[in-house]
Amino acid sequence: MEITVQGFSEKSLRPEVGRLHATVQAEANTKDDVLAKVTAVVTAFGDELRRLEALDEPPLREVVVRPITTSSWRPVNRGKMQPPIFTANASAQADFTDFAALADIAAAFGATDHLNLTYVEWRLTDETRLAVEAQCVAAAVLAAKDRAATMAKAAGAGDVRFLSVADPGLLGDRSARDLAYGAPASAGLMRSKSAMDVQGIEIAPEDITVSVTVQARFSADEA
């Protein structure tokens, strides 16, 4: 007898990193004016992030400030082309491990003209994510074996033996793919986002769930 089953495991943890995403955007009648506006904000915001990064015990890591880009467009009023409007944009992100410092930055810069603190992405460190995924894989395989053993017992068969184990849809038959349809990813990591308002944000880290699904095929001696 062959038995094909699916095993699932998940674990929820408190986030270790809050990745702050921010954008800077402005418009002006000349390219020089719009560049001056955006450059001033990017410089002030970036300098503060780098100051924190340089502390002996930094509350953040991996600061990324992307270059300023510009564009222009010409509005039309009553069928007549108007003088061009110039736009400048930039973006930045920083990974905070100290959420109180993240709240301080949001409060200090939340109402800054042309700066939009878009959201916080709650994450795990790579080391933690890989370790938890490994734990979930092991638990999912055991769950698959337990399920197969229950089926074998109900069918009056003997002990089950592994024939193969794989991520969903990789056992090579249609029934396995159908079983996996709509199931969680083989190693899924749910990251949550926290919205902000212009006055700063309330830092409320949400749990991150790591989930793993496997499929396994077993043999069992029929009674």
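Using just its DSSP H runs of length 4 or more, each adding -39500 (n - 2.57), the chain gives a mean residue ellipticity at 222 nm of -10500 deg cm²/dmol after division by all residues. A Cβ-based charge dipole, computed about the Cα centre of the chain with Lys and Arg at +1 and Asp and Glu at -1, lands at about 900 debye. Ranked by the mean number of other Cβ atoms within 10 Å of their residues, highest first, the peptides 66-73, 6-13, 136-143 fall in the order 136-143, 6-13, 66-73. Over all pairs of different C-alpha atoms, segment 17-123 has a mean inverse distance whose reciprocal, the Kirkwood radius, equals 14.9 Å. Our analysis of the chain gives Rg over Rh at 1.23, with the two radii drawn from alpha carbon positions and Rh computed by the Kirkwood formula.
Computed from the coordinates by the stated procedures, all read-outs in this text should not be read as laboratory data. In this text the structure is predicted, and so the values were computed from the model without any measurement. With ideal geometry, Cβ positions are generated from the backbone for all residues, glycine too; neighbour counts draw on all protein chains shown.
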